[in-house]
Amino acid sequence: MRDDKTGANRATAWGAALVAVLVGAAPMARADDGYPREHVYDTTVGPDEALVNVVLANNRWPDCTTLESAIRDIFRLEGVGDKPDPDKAMALWKWYRILVSSTGGGYVYEGAAGQRLRPCFDPHKIFAVYGHHQCDGLSWAMVPLWRAAGYMAFDECTHGHTTAALRYRDRDGVMRYHGFDAQARAYWWDAQKKIVSTRTMPVMTANVYRHVLTPQRIHSLRTSLRVGESVERRWDNRGYVVPPGRPGQPIHPRYYAYKPGATKGVYAIAGEQVQTLVASTDPKVFRGQLHEDSENVTCSPPAKGQAALHPAKAGQPAVFVYRLAPPYVIVEAQLEATVLTGRADDLCRLSVSRDGRAWQTVYERSAPGPEDVKIELGRKARDQRRPDVYTAYDVRIRAEFKTAGNPRSVGLNRLRLTTHRECNKRTLPNLMPGENTFRLTAQRLAEGWALELQVDYELSGKALKQTHTVGRFPYFFRIDAPGVKLRTIGNYDQDFGNEAVRMLAYRMRLVPAGGAKLDASLPAKQAAGKFEQSFPHPADMTRRRNAKVPESDPMQTSGFFPQSRQKRPADERMRELIRIVRTAPDRAYKTWRAAQELGNYPCPEVVDALCKELPGANLDLTLFICKALAQIADPKAIEPLLAKWRLAPRYAPGARYIPDALAAIGDRRVVADLIAPLKRLRFDFRFHIAHALGILGGPQAEKALKELAKDDPFPAVREEAAAALKKLRGAAKSE
């Protein structure tokens, strides 16, 4: 968060996100057992999809279709799948530094003109669509990658800087949080213990661990093709990028300025997808292209003076709906059409939608006869305050026709929709020196069609090409790059894709299978085995920053409260701290520090002051009050804590730590209140509830822990619940 010019925008962005969380803006998707899930991907299949969920992957590069597929491949490539957690964390750190850029980014605002634009908080979009950001966005994307591997992690932030806090078990057997600063390209290091340390000691001193911005339903690179659609993914970008900042107020404009052949600035990371859909005028094919919202449509063979695509019945509206789906963000779009009307009172209208619900008319014709139409729908249209799909993902075109005369006198003879989208080329299947085995998979291919894949690449300055016609999946092929080596690059932010072997583009389209010569795949068993082998990247991303204060007790880095055993008698410092908490703005670091330090004073006056402030404390100050109350452990705090707990998940992240404080106080009667909202709280709350139940114990706690250990969809919660059960059973045996 280092862009001073965007301070107001940043505050607005945080505010909008927090409001959405506090009011429960969207219903939470649940696993079959009823617990809300993390990372819900849209796997809907539309009737217009002839090729469903096609993925091209290289065994030498992470498949970044989802956060889960990316982290799984990162572990495989580095050979750490069966290694201790620190090795896995270093594997993520290395590849994350390769796959994203920490220079020049910022909040990207997406949405329709005239409506409230929202900054992009989706971690997979930041990772795979944009690929660059400042400290906050980089952390928002890195943290969910670690969670996708089943670990707990949070972005750790102040109002000025954000880093990533990854929780894992160190080689000494202790579970800790660890600090990684993607913006500074460094991590904190405890030289004495030889482990990654934390940003502050103890953790969350004048900063907070969040998880309020990541949406539950997130983006993926899921790609499906329609008949008549082509998708070309290019490693060069010809200026089709979305600059951060609000419209008219871009950040770092020079960074985004395009020149032919540009490979610096944003062009060290931005690729481009060109996506085109051409409406078919073949009566046997046209209907398969149409979205399910189409009605009263038919197609006739082309004939002079008549429409090929037209109403099936006169006097009724005909609606043709065509869809171009994600995964990447639209920068420019063009609609070209040849329309025909026979009478002045015929209906002939073209509309565009970003979501299939709200439609904007972009063309309407009343004069009889044919007309060629060309309409800009991207950034140029946005700049001219016309209907646009700039920053959209899913885009739909609706063509409406109606006539009282001959149905063929009104309709379409041609329609072509082209979009230019931005993508992160580093998350595409890049080439490496030596042997590269490619795997092409798809969920389903419509009968009678084949996929034509064309791959353009360069080897030692020579442009090469492979074309494959595929009728069955999975399909494997190779691209070999013998005799070349990667250059030694310490910082990939400004230098990527400039190797002796590099991808240029790949293009996919459907072709009729009849008469096509289908290519034979490499032997599947042998080729699939390549995707189980490790191929460590030679880059060295080791850059350490010595921790200012080393850990003296694991409770300082566990992420649970209390974090200190210090006790001091009442003094003037205590009274000054109480005054600060009562009078200073609760967003101020001074207030956070004061509330935390009050935990050192186990005095009735302190407990009374903290309990009085707790009901009105915002989401951040609540955290530091909980930290202090957990350290003091006075039963007088139970009722105020429970009163705020009953509002959960409001006041996150602070409310997340109320179970810690109640567990430290140790009154088992709170167990029923803690478990009451389990089925509606997200994973981070359940994680802290499980930890607290393991301290409080009792029949209710054990029953809830058994269910969490068995059924919770998030592995870190299951692990914590199992550990808590083991602890309780061990304590029972010792008694």
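Just so you know, all these numbers are worked out from the coordinates, no wet-lab data involved. Here the structure is a predicted model, which means the values were calculated and not measured. In this analysis, Cβ positions are derived from the backbone assuming ideal geometry, glycine residues included, and neighbour counts consider all displayed protein chains.
General remarks:
- Volume of the Cα convex hull of the chain, divided per residue and given in Å³: 179
- The C-alpha atoms of the range 362-442 occupy a region whose extents along the principal axes are 65, 32, 18 Å, arranged from largest to smallest.
- For the chain, adding -39500 (n - 2.57) for each run of n ≥ 4 DSSP H residues and dividing by the number of residues yields -7500 deg cm²/dmol at 222 nm.
- Length gained when the stretch residue 485-residue 171 is fully extended (0.36 nm per residue, less Cα-Cα span): 109.6 nm
- Each residue, residue 726 and residue 565, gets one label point 7 Å from its Cα in the Cβ direction; the gap between the two is 2.3 nm.
- The trypsin sites (Lys or Arg not before Pro) of the range 175-220 that DSSP puts in a loop, and whose beta carbon has at most 15 other beta carbons within 10 Å, are 194.
- Note on the range 274-423: percent of Cα-Cα distances in each 5 Å bin, starting at 0 and stopping at the bin with the largest distance, equals 2, 11, 20, 23, 20, 13, 8, 3, 0, 0.
- Its alpha carbons considered, the range 477-611 gives a radius of gyration followed by a Dmax of 30.6, 90 Å.
- C-alpha center-to-center spacing [the range 33-101, the range 201-244] in angstrom: 13
- Isotropically averaged projected area of the range 556-734, using the convex hull of Cα atoms (one quarter of hull area), nm²: 10.0
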